[in-house]
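The values are calculated or read from the model by the stated rules, or taken from the named source; none is laboratory data. Computed from a predicted model, the values in this text were never measured in an experiment. Glycine also receives a Cβ, built like all others from the backbone with ideal geometry; neighbour counts cover every protein chain displayed. Ligands, DNA and RNA are excluded from the accessible area calculation, which covers all protein heavy atoms including side chains. Shrake-Rupley method; radii C 1.70, N 1.55, O 1.52, S 1.80 Å.
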Amino acid sequence: LLHTLDKGSVPATAVQLHCSYCRTSYHYKYYVSNGRHVFYAGVPAILQVSAHRFVEVRLIDMWINSSLISGMAAGSSAKLYNMTLAEVSRRVAEFPAFSPFLHTNEISDSFVLLCLLQNSQKYSTVLDVPHHGLHEDRFKQAMEECNLHVSAVVIDGINIGHPCCSVHNCHIPLASQRHRFCPTHAAQNQICTITSCDSPVTPGSHVFQNPSHVNIQHHHVERGQARFQLQHCLQHTRATMPDSMPGDADASLDIGKEDFNLDGQGRVVPEEADPPVCPSKPSARNKRVRAQFGHKRTHNEQQIIVAPCGVIIARTTFYGANAVSSVAKLVKQVYRKAPRPEHIIFDNNCSLAKVVKGDPFFQDIGLSVDIFHFSCKHSITDTFCQEHCRLADQERGL
């Protein structure tokens, strides 16, 4: 039977020739000799996927595209074809042993065969497999050799974070989680915690003697006490404790940066009491000040590089930010002596592509954005992303 895209399942005739001298059998698109199944060069319009079944390449392409675009599995493709296209002509009745319907394994086999033939055509090689044995075993070695030519990795971050030094991008661990700075930067404890102030602190305090800074520290302490009191009330009523309200008296150490609003006299204005600015009146907005009373947390607990099979190839911690320059540095470190991947799928590849533009290391690496982020997180007005990071537009990505 021939399974087509526009006519469904129709009868077909296959011609086989045999040479008695060299004992070679010649088939539609391959020959068999000395126990080897050798395909002719090029990709034909029709593939033979089993002893009595042929499938149009156009139909296989439709199945592959359905899998890429909508995630349709081979079993669903078989059901869809059988319900909509497997129409039986009158002549099929003459071949009662052949069912017009396809099975899941025949869809999968057609995927594999077409991809292997396309790979052989691309690299000017010949697809040569054992003639005997199960289909999945016969093509196993050819698939492994094909995977040597095509590789892809996915880069992503796990945003958990652990306590770290409050100095930006410092990798030195804290001596204790109660500390704000690592031993190397311990002298920073003598500097005012207001991020815009470089003045020394007053003894027994975390801020400079400026009255507004003293008010900020007093408000910070009140916040911590309120959190502790609320936690005590929740425990008393046996309520579930929110993760954002730790029960430690030193919980304020884990708050990180805090923002405070100051009025014209340097007094802290509670956020709920900060009225919106009326557009008909002169602007008199409160001054916003940021302080770092506690330690920082790492931006990404782990930035990982994952193979399509799910194996984690590499991991590292990003302390300051998930900067694309750090991602580029990570890729170079991991693959400085190993074969480089042909594709890197990263949710911010459009920015990464701009950073590594002109870098010979990334010259032959495709930088694609996964379908979810491309559709939901990237603007259609970003012409660079639209032109360079569409996975569907990269030939090797298909």
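Observations on the structure shown:
- Solvent exposure, largest accessible area first (probe 1.4 Å, DNA, RNA and ligands not counted), of Val207, Val355: Val355, Val207
- Accessible area in the full protein assembly, largest first, 1.4 Å probe, for Lys354, Lys29: Lys354, Lys29
- Put Lys332, Lys296, Lys122, Lys337 in order of accessible area, highest first, and with a 1.4 Å probe you get Lys337, Lys122, Lys332, Lys296.
- Per-residue extension of 0.36 nm, minus the Cα-Cα distance of Tyr26 and Ala186, leaves a gain of 49.6 nm for this segment.
- Area of Glu144 that stays accessible when all protein chains are in place (1.4 Å probe, Å², to 10): 100
- Cβ-derived FRET efficiency at R0 45 Å, Asp259 paired with Asn65, nearest 0.05: 0.35
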